[in-house]
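Heads up, the thing below is written out as structure tokens.
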Amino acid sequence: RRAPPRWSRFDEVAGWPPVNPTPFASKGHGASRTLVSIRVSASVAESYRGLRPDLTLPTGTIVAAFHTDAKTGAPGPVYVMEREADRWKYSALDADGRTSEHGLALCDRCHAESPTSGLFGLPR
């Protein structure tokens with residue numbers, strides 16, 4: 001069986017600086033077993049840090065949640081949201097950037113309940 005393809009922008013996005021100064025415990029992905037660093041398109045980094053309910057990020061925006069194991073520090077999954085017109089496209093990746101289609105319907109369902117255009121933002 002062939003390995004799933006690698007997301008073409010993985011290395012680029014992994015190189016972006018996190019918008020959160022320190023990783024935080026995940027309240028959704030991995031339920032506090034993982035720490036999260038969020039990386040976003042540079043053009044919207046400040047907007048993301050100050051999310052508010054009326055904010056809609058532009059088409060082409062990427063938001064990526066890089067997870068690490070809270071105990072071992074081992075790299076974990078990466079969850080990506082890409083803004084397409086009036087909706088988000090979700091991708092689930094392993095620590096090496098290989099794609100997975102597992103559970104993506106759950107992404108849409110959970111993020112539909114967010115207070116800010118599909119986003120939950122940083123801990124306050």
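The values are calculated or read from the model by the stated rules, or taken from the named source; none is laboratory data. Quick caveat: nothing in here was measured; it's all calculated off a predicted structure. Glycine also receives a Cβ, built like all others from the backbone with ideal geometry; neighbour counts cover every protein chain displayed. When the accessible area is computed, the model is the full protein with side chains, heavy atoms only, and any ligands, DNA or RNA have been set aside. Shrake-Rupley method; radii C 1.70, N 1.55, O 1.52, S 1.80 Å.
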Item to check | Rel. contact order, % - alpha carbon contacts under 8 angstrom, at least six apart, the chain | outcome: 22
Item to check | MRE, 222 nm, helices only [DSSP H, n ≥ 4, -39500 (n - 2.57), over the chain, to nearest 500] | outcome: -3500 deg cm²/dmol
Item to check | Gained length - ARG49 relative to LYS27, 0.36 nm times residue gap less alpha-carbon distance | outcome: 6.2 nm
Checklist outcome for this item: The answer for trypsin sites (Lys or Arg not before Pro) in region 1-99 that fall in a DSSP coil and have at most 10 neighbouring Cβ atoms within 10 Å is ARG1, ARG2, LYS71
Checklist entry - Is the shape of region 1-93 best called rounded, prolate or oblate, per the rule: a/c under 1.5 gives rounded, else a/b larger than b/c gives prolate, else oblate, with a ≥ b ≥ c the square roots of the Cα gyration tensor eigenvalues? => result oblate
Item to check | Furthest towards positive pole of dipole, THR34, THR61, PRO5, structure part the chain, Cβ charges | outcome: THR34
Item to check | Efficiency of FRET between ARG2 and ASP108 - r from beta-carbon atoms, R0 30 angstrom, step 0.05 | outcome: 0.65
Item to check | Solvent-accessible area per residue for region 9-66 (1.4 angstrom probe, square angstrom) | outcome: 53
Checklist entry - Roughly speaking, what is the stretch gain from ASP11 to THR116, that is 0.36 nm per residue apart minus the C-alpha to C-alpha distance, in nm to one decimal? => result 35.0 nm
Item to check | Carbon + sulfur, % of accessible area of the chain - ligands and nucleic acids excluded, 1.4 Å | outcome: 54
